[in-house]
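**Student:** Just passing along the structure, written as structure tokens.
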Amino acid sequence: MPNYRRAYIAGGTVFLTLVTYQRHPLFAKPENVAMLRQAVATVRAESPFEIVGAAVLPDHLHFIWTLPPEDSNYSKRVGRIKVLFTRALKGNELLTEELPLSRGKHREQDVWQRRFWEHTIRDENDLRNCLDYIHYNPVKHGLVSCPHLWQYSSFHKWLRQGHYSNDWGCQCNDKEANIPDFSSLIEQFGE
């Protein structure tokens with residue numbers, strides 16, 4: 001991976017995955033989700049971007065962002081969100097006193113994995129597939145039986161806009177499950 005380079009496209013749309021350190025379920029607590037939302041709002045005020053889609057799961061987050069036409073720096077925004085959220089957790093029992101030397105060397109806490117995953121959205125079909133993936137993710141991880149039951153997701157926004165039907169991916173009321181095929185995305189995203 002030493003030769004890995006992120007693609008930075010001004011005004012681009014990017015799918016991001018951020019994972020907590022050792023997959024600790026930080027976002028199982030609503031107060032931590034509220035702190036995350038505040039961190040995101042602060043960063044959006046400092047460096048605007050559009051949140052196209054999102055899903056916050058207990059141990060990881062998925063975002064789809066569109067950046068302003070003259071801006072390509074999603075990494076700066078991700079880093080700032082991580083810093084603001086980590087600062088908000090200071091004093092919380094989840095932050096340990098003793099960190100591995102490598103994390104201390106990089107001025108890291110035990111909140112986030114060091115890196116994040118990104119995928120540049122290529123076209124409308126790619127965007128639709130990524131939106132489907134993040135909206136079905138809480139079901140995939142066994143957190144809920146249907147996408148509409150997960151409150152920390154942009155699924156409801158897209159449903160109101162008519163991009164999904166009420167029964168998309170739904171398994172409620174003894175209905176037949178309508179589960180989208182994510183095999184190609186799972187290979188890409190490594191989840």
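**Student:** Please compute the length gained on full extension between residue 10 and residue 151, using 0.36 nm multiplied by the number of residues separating them and subtracting their Cα-Cα distance.
**Tutor:** Once the chain is fully extended between residue 10 and residue 151, it gains 47.6 nm.
**Student:** Obtain the nm distance between the two label points defined at residue 38 and residue 120 by a simple spin-label model: each point lies 7 Å from its Cα along the Cα-to-C-beta direction.
**Tutor:** Rounded to a tenth, the inter-label distance reads 3.6 nm.
**Student:** Same structure, new question: Please report, in whole Å, how far the alpha carbons of region 110-166 spread along each principal axis, starting with the longest.
**Tutor:** 38, 30, 17
**Student:** If you take the beta carbon distance between residue 165 and residue 90 as r and set R0 to 45 Å, what does 1/(1 + (r/R0)^6) give as a FRET efficiency, to the nearest 0.05? Show your work: numbers first, answer last.
**Tutor:** Details: r = 44 Å, r/R0 = 0.97.
Once rounded, the FRET efficiency stands at 0.55.
**Student:** Further, regarding this structure: According to a simple spin-label model (label point 7 Å from Cα along Cα-to-Cβ), what is the distance in nm between residue 66 and residue 31?
**Tutor:** Computed distance between label sites residue 31 and residue 66 equals 3.7 nm.
**Student:** Residues with amide H under 5 Å of residue 112's amide H, sequence separation 5 or more or different chain, H placed in the peptide plane at 1.01 Å from N; which?
**Tutor:** Residues meeting the amide H criterion: 21.
**Student:** While we're on this one: Calculate one ³J(HN,Hα) per residue across region 12-29 by plugging θ = phi - 60° into the Karplus curve 6.51 cos²θ - 1.76 cosθ + 1.60, and present them in order as whole Hz with x for glycine and proline.
**Tutor:** x, 10, 9, 9, 10, 10, 10, 10, 6, 4, 6, 6, 5, x, 4, 8, 6, 9
Every number here is computed from the coordinates shown, using simple stated rules; none is lab data. Computed from a prediction, not measured in an experiment: that's the story for all the values here. Here the Cβ is made from the backbone with ideal geometry for all residues, glycine too, and neighbour counts use every protein chain on show.
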